[in-house]
Structures are given as C-alpha cells and as structure tokens.
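J.: Dropping a structure here in structure tokens format, bear with me for questions.
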Amino acid sequence: NLERSLLLLQSVKAKSPAFRDIDARLARVRSLLDAEQVYMQAEKSFAQRRWVDAITYYEQTQLLASDYQSVRVGIQLSAAYFMASQKLMTQWPTPEFDTERIHSFLRKAQEINGQDESSTTFLAKLEDFMKGERSLNDNDLEQAVSVWRDFYEQEPGFLGGYLAEQLYRAYLALASEVRAANPDYARELLTTAAAMPVNDSSEARNQLQNL
C-alpha cells in the first residue's frame, strides 16, 4: 500500500532525518502515488470510451513513473491511440485534431504493437490522404486531384466527408488553372465536381454555365 509506505517513510525521516536514501525513497513513493491517481483517471476514461482523455492520463502516468503498471499502461495506451484515431477518422479534422495529430496517434499505436494489422491499415489510408494534402500545399493541383480521386473511389466517406469536400475544391482550383489553355478539360473537371456529394456544389455548376 503506497499510502502506508509514505506514512512509514515520513515517520522514519522524522526520527532519523539522515537515514540512508530517505529523501529519494520518499520522492519515489510520492511519484508512484501521483502516478496511481492519474492512472485511475486513465482507467475511468478508458472505460467511458473517452479515448483522448485516456491517452492524456496514460501518458501522464508514464511521465510520473514509467514503471507503474507499465505493461497494462502500454496495452491500454495502444488501444486508446487506435480507438481515438478510428473515431477521429469518421469526422472532419479540426485545428486540435488535424490529420497530423491522428497520424501521430496511429504511429504511436504501431510503435507499441507493431503486429496490429488494424493500425497499419488505418495508417496507410491516412497517409494516402495526406499525400494529396502535401501536393495541394505544394500547389501541385494535378497531383492532388489524381491522388484524391483514386482514394475517393475506395473511401468516399473518408474523414466524415472531408475528403469529398477537399477533392471538390481541388477540382474547382484545377479547372480555374487550366480553363484558358484547355477548356474541355476544365469542363470535365467541373462536371465531375458538380456531381460530388458535398453540401453545396453551386460554385461548380455556376462555373460550368460560364465556361
């Protein structure tokens, strides 16, 4: 019992302040007590399927005392990383939980349990999407459209429809880029965009009418 150990050590120090390694032993027990409290919060969060909170608490547990319930913390943390990623990949990314954060969760899950095929599969899908993001950031619209179009055929609902919206926007941007030199290609892109299942495809339809 950690609390009993703390009381015992405190009693020893009160009687013999110079007792060997007493300060180090007290610090050790206090760190284990802190880890225990955070660990209990982690377990509670995990049971309630609050995956991100569970991750935070399990990581804090490791920081406070890396050897406290280390095997279970590792197993639970790997599962929490994966479950959080699985949930986040069904909804639009946010500034707090963008694709880089989800990617980090999946990489950590894989580092803990490299035999988990589910983590590997989810990671591969996310990295396919992120290839398109990098191409878009590099202003390579043709490449972004090519990557996302192929991926969209396999995962049309990826990231809760965020992939579809991003591909739609990429179609519009590429159409604007090529319309002067290749209006037929621009028309093809806009026609495809207009048929995308996004909240509002009016911009694509308007551009088609004005082409």
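J.: Across segment 57-82, which residue is farthest from residue 123 (Cα to Cα) among those that are open to solvent by 40 Å² or more (accessible area, probe 1.4 Å) and small (Gly, Ala, Ser)?
T.: Of everything passing the filter in segment 57-82, 66 is farthest from residue 123 (Cα to Cα).
J.: Okay, moving on. Here is a check on your reading of the model: is residue 131 assigned to a helix (DSSP H, G or I) and either farther than 28 Å from residue 178 by Cα or among the hydrophobic types (A, V, I, L, M, F, W, C) (or both)?
T.: No: the conditions fail for residue 131.
J.: Taking the stated definitions as given, is residue 86 free of Cβ contacts under 8 Å to residues at least 24 places away in the same chain, open to solvent by 40 Å² or more (accessible area, probe 1.4 Å) and either assigned to a helix (DSSP H, G or I) or hydrophobic (A, V, I, L, M, F, W, C) (or both)?
T.: no
J.: A further question on this structure: For residue 59, work out the one condition from (1) among the charged types (D, E, K, R); (2) modelled with pLDDT under 95; (3) assigned to a helix (DSSP H, G or I) it doesn't fulfil.
T.: (2) is the only condition that residue 59 fails.
J.: Name, by its number, the condition in (1) surrounded by 17 or more Cβ atoms within 10 Å (Cβ to Cβ); (2) under 24 Å from residue 206 (Cβ atoms) that does not hold for residue 109.
T.: Here residue 109 meets the rest and fails (2).
J.: Give segment 6-56 a look and list any residue that's charged (D, E, K, R), in a loop (DSSP other than H, G, I, E, B) and either open to solvent by less than 80 Å² (accessible area, probe 1.4 Å) or modelled with pLDDT of 90 or more (or both), or say none.
T.: 49, 50
J.: Can residue 116 be described as among the acidic types (Asp, Glu), touching a Phe, Trp or Tyr at 6+ places or on another chain (Cβ under 8 Å) and either at pLDDT 90 or above or surrounded by 14 or more Cβ atoms within 10 Å (Cβ to Cβ) (or both)?
T.: Yes, satisfied.
J.: Among the residues of segment 93-106, what is the count of those that are open to solvent by 50 Å² or more (accessible area, probe 1.4 Å) and assigned to a loop (DSSP other than H, G, I, E, B)?
T.: 4
The values are calculated or read from the model by the stated rules, or taken from the named source; none is laboratory data. This is a predicted model, so every value here is computed, not measured. Methodologically, a virtual Cβ is constructed for each residue, glycine included, from the backbone with ideal geometry; neighbour enumeration extends over all protein chains shown. Surface areas here come from the heavy atoms of the whole protein model, side chains and all, with no ligands, DNA or RNA. Shrake-Rupley method; radii C 1.70, N 1.55, O 1.52, S 1.80 Å.
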